[in-house]
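Here's a structure for you.
The values are calculated or read from the model by the stated rules, or taken from the named source; none is laboratory data. Computed from a predicted model, the values in this text were never measured in an experiment. For neighbour counting, all protein chains shown are included, and Cβ atoms are generated from backbone atoms with ideal geometry for every residue, glycine included. These area figures cover heavy atoms from the full protein model, side chains too; ligands, DNA and RNA do not enter into them. Shrake-Rupley method; radii C 1.70, N 1.55, O 1.52, S 1.80 Å.
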Amino acid sequence: LLCRLVEYCNEETKEHPYFIGTDYSVDAVTLAKAVLTRRGEQWVADDVKEDRTAKNHNEVEFLVDNILQSCVRDHSVDVFLDKGTFDAMSCLYDDYRGTVRMQTYVKTLARLGKPGKSVLCLTTANFTKKEIKDMFSASGWEFVNQVKYPVFSFGGGTGSHVNTLLYRLRDHHG
């Protein structure tokens with residue numbers, strides 16, 4: 001997803017924002033760097049427009065970082081993409097479903113985000129929309145929208161296999 005955002009900014013907006021990719025795993029960060037570098041090389045090789053460049057593929061910063069004790073500067077992140085971290089936190093529990101870790105994670109994202117500006121795109125296979133809303137709203141996140149997936153019914157309930165939800169960090173004053 002980070003690769004596609006970099007490409008979108010080059011291709012569609014002509015802007016060159018600052019991107020940072022983090023993970024607690026050295027191997028995951030190494031893989032992400034390699035994938036981004038390869039995507040940049042392919043993008044240039046497939047180039048059909050003269051104004052497209054792969055410049056930003058080389059300007060993404062990657063950082064090995066434990067999000068629960070993040071060294072990223074407070075109030076510095078515009079967009080958070082979570083495609084499994086929150087779910088992984090729920091599996092690393094000393095208490096019921098990792099509640100303490102998950103609450104710390106949500107509060108850390110709020111601390112790193114810019115009040116009134118930051119957005120979070122969260123994909124989860126472990127939680128319902130309501131469960132996520134209950135956990136995130138307490139730390140200043142407000143629901144904005146969701147990706148629509150096919151739904152199924154079972155045992156009297158209706159749902160989907162996955163939820164992708166968009167949240168905005170509320171302004172401290174509102």
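Less than 15 Å Cβ to Cβ from Gln69, Lys/Arg counted +1 and Asp/Glu -1: what total charge do the surrounding residues give? Show your work: numbers first, answer last.
Values: positive: Arg73, Arg101, Lys107, Arg111; negative: Asp23, Asp65, Asp74.
Net charge in that neighbourhood comes out at +1.
Go through Lys117, Lys129 and list them by solvent-accessible area, largest first, probe radius 1.4 Å. Don't skip to the answer; put the middle values down first.
Details: Lys117 145, Lys129 80 Å².
Greatest to least solvent exposure: Lys117, Lys129.
Moving to a separate point now. Using 0.36 nm per residue, how much length does the chain from Lys117 to Asp74 gain when fully extended, once their Cα-Cα distance is taken away?
Details: separation 43, 0.36 × 43 = 15.48 nm, distance 1.36 nm.
Extra length from Lys117 to Asp74 when fully extended: 14.1 nm.
Could you state how much accessible area Met102 has, in square angstrom rounded to the nearest 10, with a 1.4 Å probe and all protein chains kept in place?
Around 10 Å² of this residue is reachable by solvent.
So for the pair Asp134, Gln146, with labels modelled 7 Å out along Cα→Cβ, what separation do we get in nm?
Label-label distance for Asp134 and Gln146, simple model: 1.4 nm.
Would you kindly find the accessible area of Tyr105, with a 1.4 Å probe and non-protein molecules such as ligands, DNA and RNA excluded, rounding to the nearest 10 Å²?
Probe radius 1.4 Å; accessible area of Tyr105 about 10 Å².
Rounded if a/c is under 1.5, else prolate if a/b is larger than b/c, else oblate: which is region 113-174, with a ≥ b ≥ c the root eigenvalues of its Cα gyration tensor? Walk me through the numbers on the way to the answer.
Values: a/c = 3.26, a/b = 2.33, b/c = 1.40.
Judged from the Cα gyration tensor, region 113-174 comes out prolate (a/c at least 1.5, a/b above b/c).
Extension gain Ala125-Glu61, at 0.36 nm per residue separation less the Cα-Cα distance, in nm? Walk me through the numbers on the way to the answer.
Numbers: separation 64, 0.36 × 64 = 23.04 nm, distance 2.80 nm.
Contour length minus Cα-Cα distance gives 20.2 nm.
Could you order Ile132, Ile20, Ile67 so the one with the most accessible surface comes first? Probe is 1.4 Å. Before the final figure, lay out each step's value.
Values: Ile132 0, Ile20 55, Ile67 30 Å².
Ranking Ile132, Ile20, Ile67 by accessible area, largest first, yields Ile20, Ile67, Ile132.
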